[in-house]
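Take a look at this one; I'll ask things after.
The values are calculated or read from the model by the stated rules, or taken from the named source; none is laboratory data. Remember, predicted model here, so these are calculated numbers, not experimental data. Ideal geometry is used to build each Cβ from the backbone, glycine not excepted, and the neighbour counts take in all protein chains shown. Protein only, heavy atoms only, side chains kept; ligands, DNA and RNA dropped before computing areas. Shrake-Rupley method; radii C 1.70, N 1.55, O 1.52, S 1.80 Å.
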Amino acid sequence: MLNFTAFPYEPTGECTSKDDEKISVWDAMYTTRCCRNALNAAAKALALNLNAGNATTSLFLSQQQWQNCSGPFSRQPSVSLEGCGLQSLYTGGSRCSTLLFLPTLLQSKVYEAAVQNCSGFAAVEFDGVCGGCLAAVAEVKRAMMDDFGVRGDDQNENGACGFAAVVAVAAGRIGNRSDFDGLFQCLPALDTSNSVAKAIVAAIAVVVVLLLIVLLVKHASKKKKKAKPSASNDTSMWSGLYRFAKEEIDRALDFGSERTSLGRGSAGQVYKGILPSGQQVAIKKIFQSNTSDSFIREVEGLSRVRHPNLVCLLGCCIENGEQYLVYEYCEQGNLAQHLLRKDTVLTWELRVKILRDCALALRYLHLRVDGCIVHRDIKLTNILLTEKLEPKLSDFGLARMLGMDETKVFTDVRGTIGYMDPEYMSNAKLTCASDIYSFGIVALQLLSGQKVIDLDLDARDQLTRKAKDVNMGLRAISDFEDPRLKGNINKADFESILQIAVLCVAKSSKGRPTIDIVFEELDKAWHNTIANERAKQEMTSPATSLSKPWEAVPV
């Protein structure tokens with residue numbers, strides 16, 4: 001039997017896509033969008049089975065074994081492998097599954113190239129790695145189909161070979177969790193609609209509908225003022241998201257005697273929730289006084305970006321005028337809470353890693369091929385920490401995209417006082433450099449442990465002025481270093497991070513570094529940190545685990 005507990009089926013909820021809406025998942029399996037998660041769960045379980053050495057000649061199971069795994073998933077009983085039309089993915093169910101000899105595949109150069117190309121998701125630009133990885137996976141599938149003499153228009157064979165290619169490459173990256181997760185996060189980019197004809201018909205229908213809407217609006221405008229638009233109840237445009245019923249949201253929130261508040265975002269209150277499966281989630285209830293644009297902006301923003309250091313949006317709910325967003329739950333709260341804790345302290349190594357990973361997420365947002373996404377609200381409370389204290393940037397309620405041909409946009413000034421770019425506050429000119437300024441403030445807070453709360457303009461100016469004095473040599477580094485670290489820092493890296501942070505908080509956007517430069521400096525500091533820690537442990541005990549420095553330590 002396959003192990004579905006290591007990588008459980010996710011997410012839970014009612015799929016927003018219509019049951020009969022067929023697509024080619026991974027450009028291989030002809031099924032519905034709702035079944036993509038079933039395919040993910042099965043592929044991950046088979047990859048784990050392959051990596052554990054349970055498969056020697058074929059990565060497929062026998063027909064009986066596969067049938068035993070084809071029942072409904074407990075987290076979403078309406079979905080099963082059999083119901084999704086995946087019941088033939090067993091040894092003998094196709095020419096591909098019959099002729100595939102595992103040792104030959106694992107020793108092939110095309111497979112080795114795919115495993116190599118699907119690495120480094122956490123180190124470099126996600127989209128760049130994703131594109132090369134998917135091309136390599138497709139090449140593995142094509143090579144198998146050529147070897148076995150099967151046609152590309154054979155739906156059954158295309159599905160089996162495509163599934164085998166994903167499982168094999170996933171097994172090759174399962175030892176690196178960020179690469180393993182990154183592969184499955186970018187696989188939806190391979191999805192295609194069921195036919196060009198359907199797309200053409202849909203396009204014609206859209207044009208007709210738009211013309212009708214224009215005529216209706218013109219007609220209505222003659223009789224009364226145009227009403228303020230509200231958020232659409234049709235969320236089918238947001239691929240990969242699940243729509244929760246209001247009843248499901250209420251049950252998830254009312255798991256205890258009273259609702260547990262996790263904090264307040266720019267657009268709503270955030271609560272802890274528990275789904276019927278036991279999965280913990282964070283649920284944001286959008287303020288009714290808020291306009292619908294923040295809800296739409298966050299859903300559209302998070303549904304099209306995928307990165308290990310960005311919080312994952314699982315689904316949404318729009319019902320009876322109420323709006324909810326359901327996110328992955330980050331058990332360790334936010335960064336501000338950790339800097340304020342009295343019982344534990346974030347180590348120097350962990351602070352470097354948090355800054356480096358946040359810069360990586362920001363780099364992904366700023367360097368997207370379709371334009372820069374400006375977060376507009378980077379601050380300590382919007383950096384969440386997972387159980388393993390890995391940072392995730394959250395709250396995209398104020399995010400704004402700049403097109404490929406735009407370097408700035410004039411917009412309403414919104415954000416958090418103390419973190420907002422002074423130039424943006426004075427002239428409402430929003431650029432990618434606005435995020436750089438906010439990130440610089442966060443870096444100074446992490447270095448100093450100061451001004452974690454109540455960061456008004458005066459407190460911000462005191463913090464930046466002190467940092468600039470230390471950077472210029474007018475004050476000692478010890479004057480700016482967080483005393484709770486007790487001197488356990490790398491002085492050279494502290495100085496380099498302080499220098500880049502001071503550049504980030506320059507009053508003029510022209511004096512600030514790009515996110516590429518920021519990330520490069522932080523990445524150097526991170527690699528120095530790893531090297532220094534290894535050197536220390538080699539001098540003491542070679543068997544000592546490297547995990548200790550990346551944890552918060554008791555005071």
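Cα centroids of the stretch 416-449 and the stretch 151-195: how far apart, whole angstrom?
The distance from the Cα centre of the stretch 416-449 to that of the stretch 151-195 comes to 40 Å.
Taking 22 Å as the cut-off for C-alpha to C-alpha distance, list the pairs among LYS246/LYS284; LYS285/LYS342; LYS141/LYS392; LYS379/LYS486 that go past it.
Beyond 22 Å: LYS285/LYS342; LYS141/LYS392; LYS379/LYS486.
Given H placed 1.01 Å from N in the peptide plane, which residues other than close sequence neighbours of LYS22 have an amide H under 5 Å from its amide H?
HN-HN under 5 Å from LYS22: empty list.
Carbon and sulfur atoms: what percent of the 1.4 Å accessible area of the stretch 56-168 do they account for?
Of the solvent-accessible surface of the stretch 56-168, carbon and sulfur hold 50 percent.
Could you sort 108-115, 378-385 so that the peptide with the highest average Cβ count within 10 Å comes first and the rest follow in order?
The densest-packed peptide leads the list: 378-385, 108-115.
Compute the accessible area per residue over the stretch 39-164, keeping the other protein chains in place, probe 1.4 Å, unit Å².
Ligands and nucleic acids excluded, the figure is 44 Å² per residue.
Sticking with this structure for a sec: Order the peptides 350-358, 303-311 from the highest to the lowest mean number of other Cβ atoms within 10 Å of their residues.
Averaged packing, sorted descending, gives the order 350-358, 303-311.
Please give the per residue accessible area of the stretch 436-542, computed with a probe of 1.4 Å over protein heavy atoms only, in Å².
Value for the stretch 436-542: 50 Å² per residue.
Once amide H atoms are placed 1.01 Å from N in the peptide plane, what residues at a sequence separation of 5 or more from GLN269, or on another chain, have their amide H within under 5 Å of its amide H?
LYS285, PHE287
In what sequence, highest mean first, do 95-102, 254-261, 62-69 appear when ranked by Cβ atoms within 10 angstrom?
By packing density, highest mean first, the sequence is 95-102, 62-69, 254-261.
Give the long-range amide H neighbours of LEU314: residues separated by 5 or more places, or on another chain, with amide H under 5 Å away, using H modelled in the peptide plane at 1.01 Å from N.
Close amide H contacts, sequence-distant or interchain: VAL326, TYR327, GLU328.
Given a 1.4 Å probe, how much area per residue of the stretch 302-395 is accessible, in Å²?
30 Å²
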